[in-house]
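The values are calculated or read from the model by the stated rules, or taken from the named source; none is laboratory data. These figures come from a predicted structure and were not determined experimentally. Glycine gets a Cβ as well: all are built from the backbone with ideal geometry, and neighbour counts include every protein chain shown. For the accessible areas, the whole protein counts, side chains as well, though only heavy atoms, and no ligand, DNA or RNA atoms are used. Shrake-Rupley method; radii C 1.70, N 1.55, O 1.52, S 1.80 Å.
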Amino acid sequence: EFRRVLFRSRMKKRMRIILALSVMLFFLTACGQEDDKKITLNMAWWGSQVRHDATVKVIELYEEKNPHVTIDYEFYDYEGYYTKLGTLAASDDIWDIFQLNNQFPQYINQIEPLDEYVEQGIIDISNADESYLATTTYDGQLVGLSNGVNSFAIAYNKNIFEQLNIPEPASNWTWDEFEQISYQITEELGIYAISRFEDFIAGCIIQIPQVEKGLNFYNREDLSNSLGFENPDYLTDFFQLRKNLVDKGAHPEPGGGAASTTDLSFQAVRDREAAMVFLSSNQLTEILSGAPEDMEIQLINPPRRKADGESGIPLRSSQMLSMAKSSAHKEEAAKFIDFFQNSEEANEILKGERGVPIMSNIREQLARADDATLQATFDYLEMISDMDNGEVNVFDSALNPEIQDQYNLLVEKVIYEEVTAEEAAESLYEFASNILG
């Protein structure tokens with residue numbers, strides 16, 4: 001009897017051990033399956049071929065390091081991107097990771113704030129200065145991470161200025177000086193002085209703060225509900241300038257030629273069909289891509305209303321990577337955003353093309369690369385950061401696209417003499433006030 005009891009006891013003990021091992025094996029298998037679970041993220045951006053190629057290489061690098069993740073991607077030109085984004089936003093089905101600029105407030109309901117992922121240590125912002133984080137902080141929440149800071153600029157062909165004995169522009173040059181230089185270039189060389197302006201940016205975002213310190217096109221405290229100035233006459237000068245430039249042959253006519261796209265306007269400079277072009281500072285890499293080796297292209301800030309007046313030029317986030325609130329894989333999306341911003345390998349590929357990186361260690365890494373183009377961009381932004389721009393707004397209203405479209409339409413009407421510059425200024429002010437109010 002004792003032996004039967006002992007045998008049963010031993011059998012029960014073995015069964016408990018087998019059961020425990022089975023349970024452990026089940027959980028280990030389940031965990032392994034979870035770790036190996038394949039995840040697909042969607043990502044989209046806009047930009048040049050240079051940007052596309054570099055971004056795809058970074059995605060491939062990330063997939064190599066994280067075999068369980070596949071990133072399906074799409075890229076567009078600027079207009080095509082925002083057309084597609086608008087369609088996806090309407091159905092609340094945006095890409096997991098997507099690129100935004102300062103128009104982001106209109107998509108704020110679709111954006112997943114990153115603060116939680118920072119607190120969990122998934123996204124590391126320890127090397128980012130607060131001033132850089134502020135460019136993508138909205139209503140107290142981090143709505144994305146800037147891919148780099150930049151500013152507006154005019155790129156000019158130094159060789160043409162030297163050929164015509166025109167002194168290179170200084171940081172305090174004025175719009176009147178710009179206009180006279182433009183006419184001289186066109187008269188003497190028979191080329192466009194400037195192949196393209198970002199009209200709304202130059203005429204509204206820059207020129208209004210140049211009137212006096214504290215003014216902005218949009219009210220800094222209430223972006224979507226009011227303008228930041230009260231006199232529509234402040235808009236008149238740029239409308240008139242754009243007409244004058246076209247009348248003199250110093251800028252292409254609307255709707256065609258070099259001015260129709262960024263790519264064509266940059267190519268006009270490379271081909272010496274234009275001496276200048278308006279751009280964002282991070283686009284220096286793009287415009288130099290394919291330019292003749294002996295062509296020297298320099299950056300200078302857009303002109304001022306007065307030599308001793310306000311510059312009106314802010315440091316801004318060039319673009320940012322944001323995460324969709326509708327994403328089914330937010331943690332994995334956060335991990336990729338962190339990789340994009342903090343990986344030295346990734347940024348060796350990206351080379352600051354989207355703007356000066358916000359992470360100090362990445363800036364130091366790129367500075368060591370002895371890249372003359374990148375250094376020129378760094379130098380330009382250092383010059384801009386030394387200017388007194390503390391009250392220049394860096395965000396756009398959610399209604400910016402409608403206002404910008406109306407502005408561009410009015411520019412064409414002024415050029416074709418359907419309305420005067422003064423009438424266009426009054427019309428734009430009334431239109432913007434009405435839809436904001």
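So is ILE125 open to solvent by less than 20 Å² (accessible area, probe 1.4 Å) and not in a helix (DSSP H, G or I) or not? Against the criterion (open to solvent by less than 20 Å² (accessible area, probe 1.4 Å) and not in a helix (DSSP H, G or I)), ILE125 does not qualify.
For first residues located in the range 372-388 and touching a residue at least 12 places away in the same chain (Cβ under 8 Å) and under 14 Å from GLY355 (Cβ atoms), partners that are of a type in the set (Ser, Thr, Tyr) and not in a helix (DSSP H, G or I) and lie 6+ apart or on another chain with Cβ distances below 7 Å form the pairs LEU381/SER151; ILE384/SER151. Figure legend. Inter-residue proximity from the range 335-352: first residues without any contact (Cβ under 8 Å) to a residue 60 or more places away in the chain, second residues surrounded by fewer than 20 Cβ atoms within 10 Å (Cβ to Cβ) and polar (S, T, N, Q), beta-carbon distance below 6 Å, spacing 6+ or different chains. Indicated pairs: GLU344/GLN365. Taking residues in the range 31-58 that are under 27 Å from ASP93 (Cβ atoms), and partners anywhere that are among the polar types (S, T, N, Q) and modelled with pLDDT of 95 or more, the pairs with Cβ atoms closer than 6 Å and at least 6 places apart or on different chains are THR40/THR70; TRP45/GLN99.
Comparison of ASP53, ASP72 shows that the only residue that is open to solvent by 10 Å² or more (accessible area, probe 1.4 Å), outside any helix (DSSP H, G or I), out of contact with any Phe, Trp or Tyr (no Cβ under 7 Å at 6 or more places or on another chain) and of a type outside the set (S, T, N, Q) is ASP72. Within the range 398-426, being crowded, with 20+ Cβ neighbours inside 10 Å and of a type in the set (Ser, Thr, Tyr) holds for one residue alone: TYR407. Checking each residue in the range 138-180 for being surrounded by 15 or more Cβ atoms within 10 Å (Cβ to Cβ) and of a type in the set (Gly, Ala, Ser) picks out GLY144, SER146, GLY148, SER151, ALA153, ALA155, SER171. Residue by residue through the range 85-103, note down the ones that are open to solvent by 80 Å² or more (accessible area, probe 1.4 Å) and assigned to a helix (DSSP H, G or I). Scanning the range 85-103 gives THR87, ALA90. Only one of the numbered conditions (1) buried (at least 16 other Cβ atoms within 10 Å of the Cβ); (2) over 21 Å from the mean Cα position of the chain (by Cα); (3) small (Gly, Ala, Ser) is violated by GLY437, and that is (1).
Kindly evaluate GLU417 against the criterion of being of a type outside the set (S, T, N, Q) and part of a helix (DSSP H, G or I). So GLU417 fails the test. Scanning the range 263-282 for residues that are at negative phi and open to solvent by 40 Å² or more (accessible area, probe 1.4 Å) yields a count of 5.
The residues of the range 198-210 that are touching a helix residue (DSSP H, G or I) at 6+ places or on another chain (Cβ under 7 Å) and open to solvent by 10 Å² or more (accessible area, probe 1.4 Å) amount to a single one, ASP199. Of the residues making up the range 319-368, just one is touching an Asp or Glu at 6+ places or on another chain (Cβ under 6 Å), closer than 17 Å to LEU133 by Cα and open to solvent by less than 10 Å² (accessible area, probe 1.4 Å), namely MET323.
How do the pairs read when you match residues in the range 150-178 that are over 14 Å from ALA274 (Cα atoms) with residues anywhere that are open to solvent by 10 Å² or more (accessible area, probe 1.4 Å) and part of a loop (DSSP other than H, G, I, E, B), using Cβ under 6 Å and keeping only pairs 6 or more apart or on different chains? Pairs that qualify, where the first residue is over 14 Å from ALA274 (Cα atoms) and the partner is open to solvent by 10 Å² or more (accessible area, probe 1.4 Å) and part of a loop (DSSP other than H, G, I, E, B), are SER151/LEU315; ASN172/ALA307; THR174/ALA307. Within the range 373-391, the residues that satisfy the criterion of being open to solvent by less than 80 Å² (accessible area, probe 1.4 Å) and either among the hydrophobic types (A, V, I, L, M, F, W, C) or within 16 Å of LYS213 (Cβ to Cβ) (or both) are LEU374, ALA376, PHE378, LEU381, MET383, ILE384, MET387, ASN389, GLY390, GLU391.
Considering only residues in the range 248-265 that are in contact (Cβ under 8 Å) with a residue 60 or more places away in the chain and assigned to a helix (DSSP H, G or I), the one that is nearest to ALA424 (Cα to Cα) turns out to be ALA259. ASP139 fulfils the conditions (1) farther than 30 Å from THR55 by Cα; (2) without any contact (Cβ under 8 Å) to a residue 60 or more places away in the chain except for a single criterion, (1). When TYR82, TYR132 are screened for being surrounded by 14 or more Cβ atoms within 10 Å (Cβ to Cβ) and modelled with pLDDT of 90 or more, only TYR82 passes.
Considering only the range 128-140, state which residues are assigned to a strand (DSSP E or B) and closer than 17 Å to ASP338 by Cα. Scanning the range 128-140 gives ALA128, THR137.
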